[in-house]
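These notes concern the structure reproduced below.
The values are calculated or read from the model by the stated rules, or taken from the named source; none is laboratory data. Bear in mind that the values here come from a model prediction, so they are computed numbers and not experimental data. Using ideal geometry, Cβ is built from the backbone for each residue, glycine included, and neighbour counts are taken over all protein chains shown. In case anyone asks, the SASA skips ligands and DNA or RNA and just uses the protein heavy atoms, side chains included. Shrake-Rupley method; radii C 1.70, N 1.55, O 1.52, S 1.80 Å.
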Amino acid sequence: MIKTLTKPITFDDFIAQYPNIGGRYELHDGIIVEMPKPKGQHSTVTGFLIEELILTIIQMGKRGIWTIPRESIVKSSNAKSGYEPDIIVIDQKAIATEPRWASESIIECAESVKLIVEVVSTNWRDDYFKKRADYEELGIAEYWIVDYAALGGRNFLGNPKEPKLSIYQLIDGEYQVQQFSGDDIIISPTFSAFHQTANQIFQAG
């Protein structure tokens, strides 16, 4: 992760600059941060999950209602950060009320989001600490951290570390986590028809 600017800027300034800076960047507490270029395994796991989520959406009869956009920016509730998730599932009915979605692909309301997925890379602390806290504060109902290469800290992955998929569900305003590894079947509060095991996801990469 490379911090490219030391002077804090506003979210709106970040959005105004974004088309001109190239690459993939996020805003973290007013600082523009260049995100690591995804490696092949990261891209493959992400692609596999997108395929499985699309199939699940179809099986649940939500085709055309729940969709996965190619890109979007999620604005934090304090307006100091903006994240581009690896995967986001949005509700087309709710997104219609987002004031900046049609023109800028910006999401400001938790009700627009069914799921956010972050596939862990070298900047794992962002996924486990910062983004988790900001998604919780915003009110995102379900958040997955997919740590297929066991890059995160031992307090999340155990000792010795092992790959895990963590599902954070918002209950009474706070995230409660359930973790899956090995041949555990993924249990999603929102995507009841998702029946892949943790290993099937991890081994995709």
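Taking the Cβ-Cβ separation of Thr122 and Ile65 as r and a Förster radius of 35 Å, what is the calculated FRET efficiency to the nearest 0.05? Please list the in-between numbers first.
Working: r = 35 Å, r/R0 = 1.01.
Efficiency, rounded to the nearest 0.05: 0.50.
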Problem set entry | Pair Ala102, Gln41: separation of 7 Å Cα→Cβ label points (nm) | 4.4 nm
Seminar exercise, completed: Full extension between Asp12 and Ser192 adds, at 0.36 nm per residue less the Cα distance, a length in nm of 61.1 nm
Seminar exercise, completed: The size of the Cβ-based charge dipole (Lys, Arg +1; Asp, Glu -1) of segment 39-111 about the Cα centre, to the nearest 20 debye, is 20 debye
For this session: Describe numerically, in nm with one decimal, the distance between label points set 7 Å from Cα along Cα→Cβ at Asp172 and at Glu34.
Result: 4.6 nm
Exercise. Counting other Cβ atoms within 10 Å, which GluC sites (Glu not before Pro) in segment 37-145 have at most 14 and lie in a DSSP loop?
Worked result: Glu71
Exercise. Given a cut-off of under 8 Å on Cα pairs at least six residues apart, what relative contact order in percent is computed for segment 120-182?
Worked result: 30 percent
Exercise. Tally Lys/Arg at +1 and Asp/Glu at -1 over every other residue whose Cβ is under 13 Å from the Cβ of Gln196; what's the total?
Worked result: -4
Seminar exercise, completed: Largest fluctuation, Gly139, Gly64, Gly82 only, Gaussian network model of the chain with Cα springs under 10 angstrom, belongs to Gly64
Problem set entry | Karplus-derived HN-Hα couplings along segment 78-88 (A = 6.51, B = -1.76, C = 1.60, θ = phi - 60°), whole Hz, x at Gly and Pro | 8, 6, 9, 9, x, 10, 10, x, 4, 9, 9
Problem set entry | For Asp147, net neighbour charge (Lys/Arg +1, Asp/Glu -1) across residues whose Cβ lies under 10 Å away | -1
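Under a Cβ-Cβ cut-off of 12 Å, what is the net charge of the residues other than Thr67 that fall near it, where Lys and Arg count +1 and Asp and Glu count -1?
Values: positive: Lys62, Arg63, Arg70, Lys93, Lys114; negative: Asp91.
So the surrounding residues net to +4.
With the full set of protein chains in place, find how many percent of the accessible area of the chain is carbon and sulfur; take the probe as 1.4 Å. The partial results should precede the final answer.
Working: 4910 of 10110 Å².
The C+S portion of the solvent-accessible surface of the chain is 49 percent.
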